[in-house]
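The values are calculated or read from the model by the stated rules, or taken from the named source; none is laboratory data. The shown structure was predicted, so the numbers you read here are calculated from the model rather than taken from an experiment. Cβ coordinates were reconstructed from backbone atoms using ideal geometry, including for glycine residues, and neighbour counts include every protein chain displayed. What goes into the accessible areas is simple: the full protein's heavy atoms, side chains included, and nothing from ligands, DNA or RNA. Shrake-Rupley method; radii C 1.70, N 1.55, O 1.52, S 1.80 Å.
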Amino acid sequence: MKIIVCPDSFKGSLSATNAAKVMAEAIHNVDETIETVLLPVADGGEGTLNSLVNATNGKIRSVQVRDPLGRMISAEYGILGDEETCMIEMAKSSGLTLLSKGERNPLTASTYGTGEIILHALNSGYRKFVVGIGGSATNDGGTGMLRALGMKFLDTQGKELAEGAEALQSLEKIDTSNFDERIKASQFIIACDVNNPLVGPNGATIVFGPQKGATEEMVKTIDANLNHLADLIEKETGIALHQKAGAGAAGGIGGAFLAFFPVQLKPGIDVVMTAIDFEGHLQSASYVLTGEGKSDLQTLSGKAPIGIAKLAAKHHVPAVLISGYVEGKSRKQLANYFIEIASVANEKVSSEESIANAAFHLKQRTHETVQRLMNL
């Protein structure tokens, strides 16, 4: 028997890699002859870098770049096992977790550091990129990233604008003459689960700005500035980003990729499963075990466990869900995808206890679940 173990992270308690190890240990305690394949996953956001590097036996590179406020930090990117593909997690250089609450300011935060990582990879000879764009602290329409790669954003006097979204109100001209030529010869796959347009009521700023520290007044300013940026991008490229699906992802960096890069936007879990050859591993699998910190109705809208279950079903491999907490009202719909559903937190184990001793309780719940599978 072969079981694929592919959880997402149990946020706040276990990384995807550690969760996979705990689950595999529980399986071997039931029957040590069961073959386990550990493929910890992520959905394009935080943790995607490590999941892909570990699953493909890749390696990590470190580079000095600017954080969202322009301070120098050490940020990582990955070289996957094919030794051709770079995995860049935007959050490592331009992420919300790099700032304290008091430092959050989408008027000035910049994606420059993300561009610096891409530049470093280009200089190292890489031309294939997977970029996860979740968890950003920025709302600059990707202009910081584009600057790092040679583009200029000029005011009426021909001077370069300051970094961030606020300065875009003074934008007069986009100078693409020094934009890195190697971009055209590269491939970019963007792991993105957001279909929001760049501007308007469903746009980057109104929907996501407040979580990055934007006040009501800031939201109005930034939305108007991104609209102005989109006007000039359309003038330069013929591409209208204003209402384009995905352009509003990660404070508008999705739009920058769509306008100036050879790019495909794909759901994060699909990108991850392709990169780790999930379908190849399914060929001889008996079961797939997946899980996450909390499974609820949001899980059904395309989070990692559902992507895994759908692909497993295509190959007639039964999927099992073991999550930190499974919301009661979502069980009926989740049962359409999983033959077994287990919650680590239950009537015997409180949510607090399940988080405090996550590895112990996940191991127990996995052991019980696998024993049930053996008796089916």
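Structure notes:
- Of all accessible heavy-atom area on the chain, the percent that carbon and sulfur account for (1.4 Å): 47
- The chain - share of DSSP beta bridges that are antiparallel (%, nearest 5): 35
- Gyration tensor verdict on the stretch 1-41 (Cα atoms; rounded if a/c is under 1.5, prolate if a/b is larger than b/c, oblate otherwise): oblate
- Principal-axis tilt of helix 358-374 within the chain, Cα atoms, nearest 10 degrees: 50
- With Cα atoms, 0 to 90° folded angle of helix 112-123 axis to the chain main axis: 80
- Beta bridge orientation in the stretch 1-99: antiparallel %, DSSP, nearest 5: 75
- Note that the chain presents 42 Å² accessible area per residue, ligands and nucleic acids not counted, probe 1.4 Å.
- All other residues whose Cβ lies under 9 angstrom from that of ARG147 are scored, Lys and Arg at +1 and Asp and Glu at -1, for a net of -1.
- Simple rule: put +1 on each Lys or Arg Cβ and -1 on each Asp or Glu Cβ in the chain, find the dipole, and look at SER354, PRO262, SER284; the Cα lying farthest toward the positive end is SER284.
- Cα-Cα over 31 Å, subset of LYS21/LYS212; LYS59/LYS173; LYS59/LYS303; LYS152/LYS244: LYS21/LYS212; LYS59/LYS173
- The chain shape via C-alpha gyration tensor axes, a/c threshold 1.5: prolate
- HN-Hα J in Hz across the stretch 82-89 - Karplus 6.51, -1.76, 1.60, θ = phi - 60°, x for Gly and Pro: 6, 6, 10, 9, 9, 10, 10, 9
- Counting only protein chain heavy atoms and rolling a 1.4 Å probe, the accessible areas of THR138, THR215 rank, largest first, as THR215, THR138.
- Within the shell of other residues whose beta carbon sits under 13 angstrom from the beta carbon of TYR287, the net charge comes to -1, with Lys and Arg scored +1 and Asp and Glu -1.
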